[in-house]
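**Q** This is the structure I have questions about; it appears just below.
The values are calculated or read from the model by the stated rules, or taken from the named source; none is laboratory data. Please read all numbers here as calculations on a predicted model, not as lab measurements. Every residue, glycine among them, receives a Cβ derived from its backbone with ideal geometry; neighbour counts consider all protein chains shown.
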Amino acid sequence: MKNKLLEKTFLVLEAIAASPEPVSLKDLSTTLGLNISTASRITADLVEAGYVTKSGYRHFEAALGLIRLGQNAINSSPLPRTVNPLIRAKAEALGVHGAFAGIQHGQLVYLYRSDLFSQNQMYGLPCQVPFHRSNIAIVILSQAFSREEAVQKLMDSARNDNADPAYLNEERELLEKLVDSVLTNGYLLRMEPNKRWNICFPVRCKEIYYGVSFYGDAADTRNFDRLLFECSLLTSRIRNLLGEE
């Protein structure tokens, strides 16, 4: 980025937005490699603009203005405005849940998730989902990178979760099978031991991959031939609308 001050401002804003706890000025300076006076000026401007709020002495957290910015982006962006209503309608018709997400800066970003305020998601959009635990991430990485690169990125995520060699060996074997399934079938269908299931398809918009996912429980009572057919039809419609097909 040519404007270095703007680049530093975005770094500070992202660091504060990504932290579950208030961030100290010292930590911002150390983590981002900024002079303490520079970090102080940037946070003061962000507080004045309403994107950041003070939380104790020289500690900062995201303010309502930052949340408003994100909500406005989702509400006004053509991509979620096109895709989200279709996923919502299909999920309601099938009696299942639906989601739509992409990956940006190494993080899964949900543009829609029908159960975002369910009992298990009391805080809204679950932004910080590890790649190796996300079917959408597995599908996106399988399409956006080579098989080896996709598996490596998923294993990097698994390694951050648990460094035990036995666990990592089992996880690699599983992730390789899942990536191969996406590459072979063009989608990912998983049924978990607890009877939860997930169907995920990749879509592409402006050379960027996203994932369309439908999921639920009671897998033993579902007609997966019908689910695959219905979800495949919707994905084809979305691809046509996005100019992919």
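One line per residue, one yes/no per condition, for (1) touching a residue at least 40 places away in the same chain (Cβ under 8 Å); (2) more than 21 Å from Arg239 (Cβ to Cβ); (3) not assigned by TED's automatic domain parsing to the domain that holds Trp197:
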{"site": "Phe60", "(1), (2), (3)": "yes, yes, yes"}
{"site": "Asn84", "(1), (2), (3)": "no, no, no"}
{"site": "Ile87", "(1), (2), (3)": "yes, no, no"}
{"site": "Leu94", "(1), (2), (3)": "yes, no, no"}
{"site": "Ala99", "(1), (2), (3)": "yes, no, no"}
{"site": "Gln104", "(1), (2), (3)": "no, no, no"}
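**Q** Pairs, please: C-beta under 8 Å, at least 6 apart or cross-chain, first residue assigned by TED's automatic domain parsing to the domain that holds Glu230 and without any contact (Cβ under 8 Å) to a residue 24 or more places away in the chain and in region 202-217, second of a type outside the set (A, V, I, L, M) and buried (at least 18 other Cβ atoms within 10 Å of the Cβ)?
**A** Close Cβ pairs (under 8 Å, with a partner that is of a type outside the set (A, V, I, L, M) and buried (at least 18 other Cβ atoms within 10 Å of the Cβ)) amount to Asp217/Trp197.
**Q** Has region 81-93 got any residue that is loosely packed, with under 11 Cβ neighbours inside 10 Å, of a type outside the set (A, V, I, L, M) and over 20 Å from Asn135 (Cα atoms)?
**A** Initial filter on region 81-93 (loosely packed, with under 11 Cβ neighbours inside 10 Å): 93.
Checking the rest, the ones that are also of a type outside the set (A, V, I, L, M) come to none.
No: region 81-93 contains no residue that is loosely packed, with under 11 Cβ neighbours inside 10 Å, of a type outside the set (A, V, I, L, M) and over 20 Å from Asn135 (Cα atoms).
**Q** Then there's this: Test Ala17 against the criterion of being over 30 Å from Phe229 (Cα atoms), assigned to a helix (DSSP H, G or I) and touching a residue at least 12 places away in the same chain (Cβ under 8 Å), and give yes or no. Spell out the reasoning first.
**A** Details: over 30 Å from Phe229 (Cα atoms): yes; assigned to a helix (DSSP H, G or I): yes; touching a residue at least 12 places away in the same chain (Cβ under 8 Å): yes.
When the stated conditions are applied, Ala17 passes them.
**Q** Name the residues in region 211-243 that are closer than 15 Å to Gly95 by Cβ and over 22 Å from the mean Cα position of the chain (by Cα), would you? Show your work before the answer.
**A** Taking region 211-243 as the starting set, the residues that turn out to be closer than 15 Å to Gly95 by Cβ are 214-219, 221-224, 226-227, 230-231, 234.
Hits for region 211-243 are Ala218, Ala219, Thr221, Arg222, Asn223, Phe224, Arg226, Leu227, Glu230.
**Q** Now for a different question. Does region 43-56 include one or more residues that are without any contact (Cβ under 8 Å) to a residue 12 or more places away in the chain and in contact with a strand residue (DSSP E or B) (Cβ under 8 Å, 6 or more places away or on another chain)?
**A** Taking region 43-56 and keeping what is without any contact (Cβ under 8 Å) to a residue 12 or more places away in the chain, we get 44, 48, 53-54.
Now drop any that are not in contact with a strand residue (DSSP E or B) (Cβ under 8 Å, 6 or more places away or on another chain), which leaves 53-54.
Yes: region 43-56 contains one or more residues that are without any contact (Cβ under 8 Å) to a residue 12 or more places away in the chain and in contact with a strand residue (DSSP E or B) (Cβ under 8 Å, 6 or more places away or on another chain).
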